[in-house]
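J.: The structure follows.
The values are calculated or read from the model by the stated rules, or taken from the named source; none is laboratory data. Since the model is a prediction, treat every value here as computed from it, not as a measurement. We place every Cβ from the backbone using ideal geometry, glycine too, and count neighbours over all the protein chains shown. SASA here: full protein model, heavy atoms, side chains in, ligands and nucleic acids out. Shrake-Rupley method; radii C 1.70, N 1.55, O 1.52, S 1.80 Å.
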Amino acid sequence: MPTIITKDGVDIFFKDWGKGQPIVFSHGWPLSSDDWDAQMLFFLNHGYRVVAHDRRGHGRSSQVADGHDMDHYADDLAALTAHLDLKNAIHVGHSTGGGEVVHYIARHGESRVAKAAILSAVPPLMVQTPANPGGLPKEVFDGLQAQLAASRSQFYRDLPAGPFYGYNRPGAKPSEAVIQNWWRQGMMGGAKAHYDGVVAFSQTDFTEDLKKINVPVLVMHGDDDQIVPYADSAPLSAKLLKNGTLKTYKGFPHGMPTTEAETINADLLAFFDGAAG
């Protein structure tokens with residue numbers, strides 16, 4: 001399997017398909033690069049080079065005990081882009097991966113970056129604080145960790161079967177294949193990485209990162225997102241970005257890249273193919 005070894009000795013698995021302008025995909029918690037199948041095949045067929053990695057502790061990457069924080073996530077992504085010598089790259093992040101993309105660009109600069117898109121993403125800050133009164137109480141995230149520790153397998157069944165894809169909504173038609181694929185990806189990763197990852201995605205404040213970014217960024221979010229509530233995420237991120245564009249999807253769930261792939265892929269393609277800015 002293709003891997004790179006980070007400076008702290010972690011094997012990071014990645015996929016690298018095709019030729020052309022590179023698109024780099026950063027997945028959500030607690031999944032893997034497989035969650036981007038619908039996007040990678042689509043953009044490969046549209047003449048792009050598509051790259052995706054399994055975050056440390058996730059998927060096929062090393063199940064290490066340490067480094068499950070945004071600094072390491074961003075540095076691992078930087079190591080991958082340097083290893084592949086990617087230039088003029090477009091970065092796409094879903095959920096936690098959106099935070100990873102934002103932190104990577106702010107921390108490592110824009111010399112290799114053309115554009116970015118963040119989907120259902122965690123920035124600016126998920127947890128409720130005096131400065132972020134619209135955030136979710138810390139007890140919500142403590143509860144996620146408690147469920148993970150009690151029965152990760154059951155938790156990873158319940159989340160996709162319910163709020164992640166909006167399958168708990170009236171009239172929804174749950175896909176057993178989608179639910180099982182989420183469970184499969186989650187169970188491939190390490191419990192310690194996933195446990196620590198809850199803190200990484202919920203307590204990292206990306207406000208200053210967003211302000212530093214100059215490249216065009218498309219902020220995509222469903223207004224029925226039950227995982228990363230819309231009002232305290234996408235509109236705030238778009239305002240903080242120098243060159244941000246907000247695209248809101250009525251009724252779309254958190255997992256919209258999977259359940260609404262046709263719409264999402266078309267809108268991403270239009271953004272990628274359009275003029276910068």
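J.: Write down the Kirkwood hydrodynamic radius of region 187-277, to one decimal in angstroms, obtained as one divided by the mean of 1/r over all alpha carbon pairs.
T.: On the way: mean 1/r = 0.0676 Å⁻¹.
Result for region 187-277 stands at 14.8 Å.
J.: Can you check what the Kirkwood hydrodynamic radius comes to for the chain, Cα pairs only, in Å to one decimal?
T.: Working: mean 1/r = 0.0544 Å⁻¹.
Over the chain, the inverse of the mean reciprocal pair distance is 18.4 Å.
J.: Right, next: Keeping every protein chain present and rolling a 1.4 Å probe, give me the accessible area per residue for the chain in Å². Walk me through the numbers before you get to the answer.
T.: Working: 10940 Å² over 277 residues.
Per residue, the chain has 40 Å² of solvent-accessible surface.
J.: Where in the chain lies the longest segment free of trypsin sites (Lys or Arg not before Pro) that are both loop residues by DSSP (not H, G, I, E, B) and have at most 12 other Cβ atoms within 10 Å?
T.: Details: sites that count: LYS7, LYS19, LYS87, LYS242, LYS250.
Result for the longest clean stretch: 88-241.
J.: Then there is this: Grab the chain and count how many Lys pairs have their alpha-carbon atoms under 13 Å apart, sequence gap of 8 or more, or different chains. Don't skip to the answer; put the middle values down first.
T.: Numbers: LYS19/LYS87; LYS87/LYS115; LYS115/LYS242; LYS211/LYS239; LYS211/LYS242; LYS212/LYS239; LYS212/LYS242; LYS239/LYS247.
Step by step, the pairs that qualify in the chain add up to 8.
J.: With label points built 7 Å along Cα→Cβ from the Cα atoms of LYS87 and ALA172, find their separation and express it in nm.
T.: About 4.5 nm, to one decimal.
J.: Just by accessible area at a 1.4 angstrom probe, what is the order of GLU262, GLU110, GLU100, GLU139 from largest to smallest? Intermediate values should be presented prior to the final figure.
T.: Values: GLU262 160, GLU110 55, GLU100 0, GLU139 130 Å².
Result, largest first: GLU262, GLU139, GLU110, GLU100.
J.: Okay, moving on. Any chance you could check the Cα centroid distance between region 1-33 and region 37-67 for me, in angstrom?
T.: Using only Cα atoms, the two centres lie 5 Å from each other.
J.: Still on this structure, I have one more. How many percent of the accessible area of the chain is carbon or sulfur, using a 1.4 Å probe? Present the calculation step by step, with values, prior to reporting the outcome.
T.: Values: 5910 of 10940 Å².
In the chain, the share of accessible area belonging to carbon and sulfur is 54 percent.
J.: Once you've got the GNM for the chain with C-alpha springs shorter than 10 Å, pick whichever of LEU80, LEU119, LEU148 has the biggest mean-square fluctuation.
T.: Between LEU80, LEU119, LEU148, it is LEU148 that shows the largest mean-square fluctuation.
J.: I would also like to ask the following. Report the FRET efficiency, 1/(1 + (r/R0)^6), for ASP158 and ASP205, where r is their Cβ-Cβ distance and R0 is 22 Å, rounded to 0.05. List each step's numbers first, then the result.
T.: Working: r = 29 Å, r/R0 = 1.31.
The computed FRET efficiency comes out at 0.15.
J.: Contour minus end-to-end for THR129 and LEU41, with contour as 0.36 nm per residue of separation and end-to-end as the Cα-Cα distance? All intermediate terms of the calculation are to be shown ahead of the outcome.
T.: Numbers: separation 88, 0.36 × 88 = 31.68 nm, distance 4.01 nm.
The THR129-LEU41 span can extend by a further 27.7 nm.
J.: Assuming R0 = 22 Å, what is the FRET efficiency of SER151 and ALA65, from their Cβ-Cβ distance, to the nearest 0.05?
T.: Values: r = 21 Å, r/R0 = 0.96.
Efficiency at R0 = 22 Å is approximately 0.55.
J.: Which residue fluctuates most in the GNM of the chain (Cα springs below 10 Å): SER26, SER120, SER61?
T.: Among SER26, SER120, SER61, the largest mean-square fluctuation in the Gaussian network model of the chain belongs to SER61.
J.: Using helices alone, I'd like the mean residue ellipticity at 222 nm for the chain: each DSSP H run of four-plus residues gives -39500 (n - 2.57), total over residue count, nearest 500. Walk me through the numbers before you get to the answer.
T.: Numbers: 11 runs with 112 residues, N = 277.
So the helix-based figure for the chain works out to -12000 deg cm²/dmol.
J.: Relative contact order, percent, of the chain when contacts are C-alpha pairs under 8 Å separated by at least 6 residues? Show your work: numbers first, answer last.
T.: Details: 585 pairs, mean separation 57.5, N = 277.
About 21 percent, as a whole number.
J.: Among THR263, THR245, HIS221, whose Cα sits farthest toward the positive end of the charge dipole of region 193-277 (+1 at Cβ of Lys/Arg, -1 at Cβ of Asp/Glu, about the Cα centre)?
T.: Looking along the dipole axis, the top candidate is THR245.
J.: Name the most mobile residue of MET188, MET256, MET126, meaning the one with the largest mean-square fluctuation, in a Gaussian network model of the chain with Cα contacts below 10 Å.
T.: MET188
J.: When the gyration tensor of region 132-180 is built from Cα positions, what are the square roots of 5 times its three eigenvalues, in whole Å, from largest to smallest? Show your work: numbers first, answer last.
T.: Numbers: eigenvalues 105, 56, 8 Å².
After diagonalising the Cα gyration tensor, the semi-axes are 23, 17, 6 Å.
J.: What percent does the relative contact order of region 64-223 come to when contacts are Cα pairs within less than 8 Å and at least six residues apart?
T.: Over region 64-223, the number comes to 34 percent.
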